[in-house]
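Remarks on the structure that follows.
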Amino acid sequence: MEFILSDTYEQMSGAAAEILAKELKRKPNAVFALPTGSTPIGTYQALAKQNREGQIDFSQGNFFNVDEYVGLSRESEQGYYHFLYTNLYQHVNVDLAKTHAPDGTAADPELAAIDYERQIDSLGGLDVAFLGIGRNGHIGFNEPADSLHYATYCVTLTESTIEANARFFASVDEMPKQALTIGIGTIMKADKIVMVAHGEDKAEAIRRLKEDTSLNTGFPSSLLRLHPDVTVVTTIK
Ligand code: GLP
């Protein structure tokens with residue numbers, strides 16, 4: 001696991017965008033998993049700038065949301081597809097037919113999860129998994145648990161995550177308590193993993209990722225140690 005330390009949020013965003021842009025140039029039809037959250041917004045802005053300036057082309061790339069809330073549609077403003085549309089897709093020359101998210105409105109979320117994993121597999125799996133990290137070490141919505149899931153699945157969110165994300169909803173009651181997330185295996189099968197982390201509330205998680213070398217399903221990002229190509233771009237020392 002390689003750590004790239006940036007002085008500022010802008011530098012971190014630029015460095016992460018550089019890595020992702022390089023992959024898109026190397027393989028224009030690459031398959032990416034993309035996260036939501038406040039942390040990757042600067043990376044998306046830097047990528048959109050590169051696209052505007054003609055340095056990268058999104059038109060052949062395939063983009064999969066890392067996760068989506070159960071109960072929210074593609075149009076829902078708090079939904080994660082909508083987040084990626086607003087923060088990235090509407091600013092770049094992406095082919096929207098090649099942008100995907102788990103179906104949060106499916107009558108059977110378990111079936112929607114299986115279908116999503118199939119969609120990723122049908123394109124040969126992920127080339128790049130771009131990730132944030134939760135305060136509790138979650139990746140995507142793979143929450144700390146006694147056992148983790150290999151493929152995309154329907155997860156019940158932890159109190160820590162509900163507390164962290166409730167700010168995006170009018171009240172905590174309106175926040176979905178379940179989500180669909182790509183699994184640990186979906187992530188581990190990616191050729192390359194890139195993580196961004198910024199802010200005091202992530203400091204403990206990043207320190208633990210750096211210093212504690214155990215593999216612990218109670219701290220899901222620790223599993224990334226098993227992957228040969230992980231870059232964590234962070235402002236956290
Ligand atoms: C949510 C998402 C994660 C993301 C995390 C961090 O929980 N499911 O994929 O990494 O938020 O978000 P932020 O960058 O806002 O701290």
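Data table
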quantity: Lone qualifier among Thr36, Thr105 - being surrounded by fewer than 20 Cβ atoms within 10 Å (Cβ to Cβ) and within 22 Å of Ala179 (Cβ to Cβ); calculated: Thr105
quantity: Where a residue in the stretch 169-183 is on the phi < 0 side of the Ramachandran plot and its partner, wherever it lies, is open to solvent by 50 Å² or more (accessible area, probe 1.4 Å), with Cβ under 7 Å and at least six apart; calculated: Phe169/Gln78; Pro176/Gly71; Lys177/Thr156; Gln178/Thr156; Gly183/His149; Gly183/Tyr150
quantity: Qualifying position, being on the phi < 0 side of the Ramachandran plot, open to solvent by less than 10 Å² (accessible area, probe 1.4 Å) and more than 13 Å from the chain's Cα centre (by Cα), among Tyr116, Tyr150, Tyr85; calculated: Tyr116
quantity: Those residues of the stretch 206-233 which are part of a helix (DSSP H, G or I) and among the β-branched types (Val, Ile, Thr), in sequence order; calculated: Ile206
quantity: So Leu226, is it open to solvent by 10 Å² or more (accessible area, probe 1.4 Å), modelled with pLDDT of 95 or more and either out of contact with any His (no Cβ under 8 Å at 6 or more places or on another chain) or away from the ligand (no atom under 13 Å from the Cβ) (or both); calculated: yes
quantity: Qualifying residue in the stretch 71-79 (condition: surrounded by 22 or more Cβ atoms within 10 Å (Cβ to Cβ) and either within 15 Å of the ligand (Cβ to nearest atom) or not in a strand (DSSP E or B) (or both)); calculated: yes
quantity: Restricting the stretch 119-144 to residues that are outside any loop (DSSP other than H, G, I, E, B) and open to solvent by 40 Å² or more (accessible area, probe 1.4 Å), the residue that is farthest from Ser221 (Cα to Cα); calculated: Ser122
quantity: Residue pairs meeting the criteria (Cβ under 8 Å; at least 6 apart or on separate chains; first within 6 Å of the ligand (Cβ to nearest atom), in the stretch 32-48; second of a type in the set (Ser, Thr, Tyr)); calculated: Thr36/Tyr80
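Here is a yes/no grid of residues against (1) surrounded by 19 or more Cβ atoms within 10 Å (Cβ to Cβ); (2) part of a loop (DSSP other than H, G, I, E, B); (3) modelled with pLDDT of 95 or more:
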| position | (1), (2), (3) |
| --- | --- |
| Ile162 | no, no, no |
| Leu180 | yes, no, yes |
| Thr186 | yes, no, yes |
| Glu204 | no, no, yes |
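The values are calculated or read from the model by the stated rules, or taken from the named source; none is laboratory data. Predicted model, so just to flag it, every value in this text is computed and none were measured. Every residue, glycine among them, receives a Cβ derived from its backbone with ideal geometry; neighbour counts consider all protein chains shown. Side chains included, ligands, DNA and RNA excluded: accessible areas come from the protein's heavy atoms. Shrake-Rupley method; radii C 1.70, N 1.55, O 1.52, S 1.80 Å.
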